[in-house]
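To keep things clear, I will list the structure first and then write my remarks on it.
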């Protein structure tokens, strides 16, 4: 039996998204009725790429099942939420934090550029909250407190993630 498993290991970026989408397309062409298992281990990355992948899955509708392994953070939560069913291993940790907090770059902006960046971050935060609150039991207000106000990162065990509706099942 052919393996219908794909790994998303590492950063949520253009290169990893392109690689995963190519693999999904190939597997869909071979047997569109069979599920594809996407294993995710990621500290996050670009929110715009997480949103793009989530939307690509919604539009193309592959039989994608997602499994969190190790740690699923930030933009990688959107990758996980794209699955028809979402699972995780027992020791997986899930993290939602303030938008932009994971960025390690120091960049100098002019005032107009800074206003543009802030506006984009606001849009990103709103979109992130909309998707996560729609697909889970976490309220939009609770998410806004985390992603916009940096009150406290939301760190969850696999059990807590199941209670909050981020995953459907814990597997071992």
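Quick look at the numbers
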| item | result |
| --- | --- |
| Length released on extending from residue 171 to residue 7, taking residue separation times 0.36 nm less the Cα-Cα span | 57.4 nm |
| Angle between the chain longest axis and helix 47-60 axis [Cα atoms, degrees, rounded to 10] | 40 |
| The chain: angle of helix 14-30 to the longest principal axis, Cα-based, in degrees nearest 10 | 30 |
| Antiparallel DSSP beta bridges within the chain, as percent of all bridges there, nearest 5 | 15 |
| GNM flexibility winner over the chain from 72, 146, 12 (Cα, springs under 10 Å) | 146 |
| Gain in span if fully extended, residue 157 to residue 19, counting 0.36 nm per residue against the direct Cα distance | 46.8 nm |
| Rg/Rh ratio calculated on Cα atoms of the chain (Kirkwood radius) | 0.98 |
| Calculated [θ] (222 nm, deg cm²/dmol) that DSSP helices of n ≥ 4 give over the chain, each run adding -39,500 (n - 2.57) | -14000 deg cm²/dmol |
| Packing-based exposure ordering (other Cβ within 10 Å, fewest first) of 20, 132, 59 | 59, 20, 132 |
| Most mobile of 27, 80, 38 in a GNM of the chain (Cα contacts under 10 Å) | 27 |
| Folded to 0 to 90 degrees: helix 111-135 orientation relative to the chain principal axis, Cα | 40 |
| Label-point gap, in nm, between residue 58 and residue 139 - each point 7 angstrom along Cα→Cβ | 2.3 |
| Taking the chain and dividing mean pair separation by its residue count, relative contact order in percent (alpha carbons under 8 Å, at least six apart) | 20 |
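Here, each number is a calculation from the coordinates, and none is a lab measurement. Bear in mind the structure is a predicted one, so any value in this text is a computation, not a measurement. Methodologically, a virtual Cβ is constructed for each residue, glycine included, from the backbone with ideal geometry; neighbour enumeration extends over all protein chains shown.
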